[in-house]
1. Kindly list the residues of the range 28-59 that lie in the label zone of LEU66, defined by a backbone N under 17 Å from the point 7 Å along the Cα-to-C-beta vector.
2. Report the Stokes-Einstein translational diffusion coefficient (µm² s⁻¹, integer) for the range 28-75, Rh taken as the Kirkwood radius over Cα pairs, at 20 °C with viscosity 1.002 mPa s.
3. Roughly speaking, what is the stretch gain from MET74 to LYS38, that is 0.36 nm per residue apart minus the C-alpha to C-alpha distance, in nm to one decimal?
4. Give me the distance in nm between label points sitting 7 Å out from Cα along the Cα-to-Cβ direction at TRP57 and VAL17, one decimal.
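FYI, it's all coordinate maths here, none of it is from the lab. Just so you know, these numbers come straight off a predicted model, no measurement behind them. Virtual Cβ from ideal backbone geometry, glycine too; neighbours counted across all protein chains shown.
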Amino acid sequence: MDLLGSLAGASSAPAEVQCSRKGCRAPAAFQILWNNPKIHTPERRKIWLACTEHREWLETYLKERLLYKETLPMGEGATQ
């Protein structure tokens, strides 16, 4: 059986997105957009996903490093 044949029975449902905080397995509720101006073009946005509990921690981490751009609810604006 080839790889495509083995995937034929796989579910087509999207995988649940999880919080980006190390060790957290909670579902993501927010997209935290950031950019490192030393290595990314100004319009580029990287995305970390955050659960409600870790949203503030991740935003603060990025703000302290001057990398934070904005936070959006899941399903709005940019998506990963």
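1. Within reach of a label on LEU66, which here means backbone N under 17 Å from a point 7 Å along Cα→Cβ, the range 28-59 contributes 34-43.
2. Details: Rh = 10.7 Å.
The estimated diffusion coefficient comes to 200 µm²/s.
3. On the way: separation 36, 0.36 × 36 = 12.96 nm, distance 2.71 nm.
Going from the current span to full extension adds 10.2 nm.
4. Taking the simple label geometry, TRP57 and VAL17 are separated by 2.0 nm.
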